[in-house]
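The values are calculated or read from the model by the stated rules, or taken from the named source; none is laboratory data. Source: prediction; values computed, not measured. In this analysis, Cβ positions are derived from the backbone assuming ideal geometry, glycine residues included, and neighbour counts consider all displayed protein chains.
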Amino acid sequence: MDVQQIIHEQVTTHPVVLYMKGSPAMPRCGFSATAVQILQACGVGEIFAVDVLSDEGIRQGIKEYANWPTIPQLYVGGEFVGGSDIMREMYQSGELKQMLAALA
């Protein structure tokens, strides 16, 4: 299975997927830490997180998959949502919580 297939399988088989640097318990950059905090504030109990630092293929492949140059990247219900800045804006407007609640 190539990297794009692996990424597609990850984002379509898990309701909430966060490609990040590090793990939810131990983020390795401020943007990833912010993304995790936002998801937790929205009540997401289980985040399927992929540490891009542990797999260079995934790290480059995810940028191509969404045509988005930065990490973290959030996927909800198989759809690309955005990075930490977009997550912050959506959280502040209530849109992200609404989107996540629709999955429950």
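Output yes when any residue across segment 53-67 is part of a loop (DSSP other than H, G, I, E, B) and among the β-branched types (Val, Ile, Thr), and no when none is.
no
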In segment 9-31, how many residues are surrounded by fewer than 18 Cβ atoms within 10 Å (Cβ to Cβ) and either more than 17 Å from residue 82 (Cβ to Cβ) or aliphatic (A, V, I, L, M) (or both)? 7
Pairs where the first residue, in segment 4-30, is more than 12 Å from residue 50 (Cα to Cα) and the second is in a loop (DSSP other than H, G, I, E, B) and of a type in the set (A, V, I, L, M, F, W, C), C-beta under 6 Å, 6+ apart: 15/103
Go through 99, 90 for me and flag whichever is touching a helix residue (DSSP H, G or I) at 6+ places or on another chain (Cβ under 7 Å), outside any strand (DSSP E or B) and surrounded by 12 or more Cβ atoms within 10 Å (Cβ to Cβ). 90
Going by what's in this entry, would residue 71 be described as part of a loop (DSSP other than H, G, I, E, B), β-branched (Val, Ile, Thr) and surrounded by 20 or more Cβ atoms within 10 Å (Cβ to Cβ)? yes
Could you tell me whether residue 47 is in contact (Cβ under 8 Å) with a residue 40 or more places away in the chain and either among the aliphatic types (A, V, I, L, M) or crowded, with 18+ Cβ neighbours inside 10 Å (or both)? no
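Can you go through 12, 34 and tell me which one is at pLDDT 95 or above, over 12 Å from the mean Cα position of the chain (by Cα) and not aliphatic (A, V, I, L, M)?
None of the others qualify; the one that does is 12.
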All but one of (1) more than 23 Å from residue 92 (Cβ to Cβ); (2) modelled with pLDDT of 95 or more; (3) not in a strand (DSSP E or B) hold for residue 24; which doesn't? (1)
